[in-house]
Amino acid sequence: MKTNQPYQPLLLRILHGLTGIVLIAAMVTAYWTYDTFDGRWLKLPLPEYQEIESIHGTFGLYTLIIFPVFAIYAFRRGNKRLIQSDSLNKLTQFGKPIWWYSLHRLVNTLTLFALTFALYSGRMMDSKWLPEGELNHFWYYAHLLSWLIMVVCLVLHLLMTAKVGGVPLLLSILKWGFREQDSPKLWLSQLRQWGLSLRLANTFQWLQSLNLYKVLEIVILLAIIAAWIIPKFDYS
């Protein structure tokens, strides 16, 4: 592999790719669901497919399963691509290269939270609402808003990636080659080491040195956990 080409760690490419595939599928079926059962603000001549809501829910579930792993990786090993402690100060240097890099990191971070919002609001919905014409629930409007924000964040993510790294950086996420330290042969031992770090004593030690990334990671993971376990007795 040429060393002068942008390089993305193999695990990042796999998790990013899986998340991207199911996310885009969820976004496409989200609009198709809206177009079939609602369409009050924008309606396209798409076929009315009654099962599309269930298909959208399936892709949303796949995203909910994959996303926590991707989020943990992003905050643990990919935090250089996220907002930094001095990013807000660097955003005052408008037009300079560091301004674009800081903006890129900010967009990456906002995209993680936008997806968290979309997944959480989707889990708060009842699959019967749309087929039965119940379109005025709070969580339905929240879910519509979340997907609109997600579309904006995804477009900005692609634009910022192209700005700071050009086409080579965009294409680097699609390459399959990997360096020796990224070999899948090492993943089992790395997973064991990570499992050992989850011991209670190590967890308390980890919490004692809270920083920006740990706080952001905790917020996102708690939201994902809540999306799984919060009972939905009242949908009004």
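Taking Cα atoms only, the orientation of helix 138-172 departs from the longest principal axis of the chain by about 40 degrees. Label separation (I72 vs A226): 2.1 nm, computed from points 7 Å beyond Cα along the C-beta direction.
Among the lysines of the chain, pairs at least eight places apart or on separate chains and with Cα atoms under 15 Å apart come to 5. When restricted to Cα atoms, the range 1-124 yields an Rg and a Dmax of 18.0, 52 Å, respectively. In the chain, the longest principal axis of the Cα atoms and the axis of helix 52-76 are about 20 degrees apart. Each of W99, W139 has its accessible area taken with a 1.4 Å probe; listed largest first, they run W139, W99. Overall, the range 79-203 carries a charge dipole of about 600 debye about its Cα centre when +1 sits on the Cβ of Lys and Arg and -1 on the Cβ of Asp and Glu, all other atoms neutral. When you filter the GluC sites (Glu not before Pro) in the range 1-88 for DSSP loop state and at most 13 other Cβ atoms inside 10 Å of their Cβ, you are left with E48, E51. Can you tell which of T63, P45, Y31 lies farthest toward the positive end of the dipole of the range 1-105, using +1 and -1 charges on the Cβ of basic and acidic side chains (Lys, Arg; Asp, Glu)? Selected residue: T63. Taking 0.36 nm per residue of sequence separation and removing the Cα-Cα distance, the L135/I21 pair yields an extension gain of 38.2 nm. From the coordinates of this entry, volume of the Cα convex hull per residue in Å³ is computed, and it appears in [x] 168; [y] 198; [z] 102 under the label [x].
Here the sum of -39500 (n - 2.57) over DSSP H runs of 4 or more residues, divided by the residues of the chain, equals -23000 deg cm²/dmol at 222 nm, to the nearest 500. For the chain, a simple Cβ point-charge model (Lys and Arg +1, Asp and Glu -1, everything else neutral) yields a dipole of about 1360 debye relative to the Cα centre. If you sort F178, F67 by accessible surface, 1.4 Å probe, largest first, the order is F178, F67.
Dipole orientation for the chain: of the candidates L148, F138, L159, L159 has the Cα lying most toward the positive pole (charges on Cβ; Lys, Arg +1; Asp, Glu -1). Helix 10-37 and the longest principal axis of the C-alpha atoms of the chain enclose an angle of approximately 20°. One decimal place: the segment L169-K128 gains 10.5 nm when fully extended, by the rule 0.36 nm per residue minus the C-alpha distance.
The values are calculated or read from the model by the stated rules, or taken from the named source; none is laboratory data. Being a predicted model, the structure only gives us computed values, none of them experimental. Note that we place each Cβ from the backbone using ideal geometry, even for glycine, and neighbour counts take in every protein chain shown. What goes into the accessible areas is simple: the full protein's heavy atoms, side chains included, and nothing from ligands, DNA or RNA. Shrake-Rupley method; radii C 1.70, N 1.55, O 1.52, S 1.80 Å.
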